[in-house]
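Take a look at the structure below.
No value in this document is a laboratory result; all are computed from the given coordinates. Bear in mind the structure is a predicted one, so any value in this text is a computation, not a measurement. A quick note on method: Cβ atoms are made from the backbone with ideal geometry, for glycine too, and the neighbour counts reach across all protein chains shown.
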Amino acid sequence: MAKWMQVMSAAVLVMTAGLGAQPKPNFSGRWVLATPVKGSAQEQIVTQDEKTLTTEHAAAGPSHKIIYQLDGVERRQAIPSHNSDITMLTRALWQGDRIVIAVSTSYSNGMKTQSTETWSIDKQGRLVIDFKETSNSGPGETRSIIYTKKKDR
C-alpha cells in the first residue's frame, strides 16, 4: 500500500508541475464585444508584455486607458471622467494561464465598487472576462463578458 501511495504522489507532482508550466496566453489585440448583446460591437484594444496588461476603449471625451502591472502589487490610478477623476486601486497577477484583476473604485458622487475580473482565452480563441462586482449603492453583479478578436485587414 505504501508503494502505491508513493506512485500516486509522484504522479500528482508530475501533473502539478505540468500545470505550472502552462503557456501564458497573450491577450494583445483589438477585441470586439460579442456578449452581452447590450454594447455589442464595442471595441477594446489590449496590449500586453511580460510585466503589464494595458486596456483602452473609447469613452465620452478622451479614451479610457488603464495599465495593470502583473506583479500583484496594489497601485492607485486616476481616470478622468466627466469633469472629475475616477480613483482606482488595482492589483493584477497571473494565476496559471489566467490574469486576475482586483479593482476598488471610488467615484466623485461617493459611490464605491469592488470588482474582480478573471481573463482567459477559451477554446474558440475568444477573450472571456468573468466579472464580479459589489457596490455600496446596491446589489452586485456577476457576468461573463466575451470578446472576439478583430481580424487584421
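Observations
- Cβ-to-Cβ counts within 10 Å put Glu56, Glu43, Glu50, Glu117 in ascending order as Glu50, Glu43, Glu56, Glu117, the fewest first.
- Average Cα contact separation per residue, the range 24-149, under 8 Å, 6 or more apart, as relative contact order %: 19
- Pairs of Lys residues in the range 24-149, spaced 8 or more positions apart or belonging to different chains, with C-alpha separations under 27 angstrom: 21 in total.
- Dipole of the range 24-149, positive end: most advanced residue of Val128, Phe27, Thr55 [Cβ charges, Cα centre]: Val128
- Rounded to the nearest 0.05, the FRET efficiency derived from the C-beta distance between Glu50 and Ile121 at R0 = 25 Å is 0.90.
- Within the range 24-149: Cβ-based charge dipole about Cα centre, in debye rounded to nearest 20 (Lys, Arg +1; Asp, Glu -1): 140
- 3J(HN,Hα) along the range 88-99, derived from phi through the Karplus expression 6.51 cos²θ - 1.76 cosθ + 1.60 where θ = phi - 60°, amounts to 10, 9, 10, 9, 9, 7, 7, 10, x, 9, 10, 10 Hz, with x in place of Gly and Pro.
- As a ratio to 2.2 N^0.38 Å, the alpha-carbon radius of gyration for the range 24-149 is 1.04.
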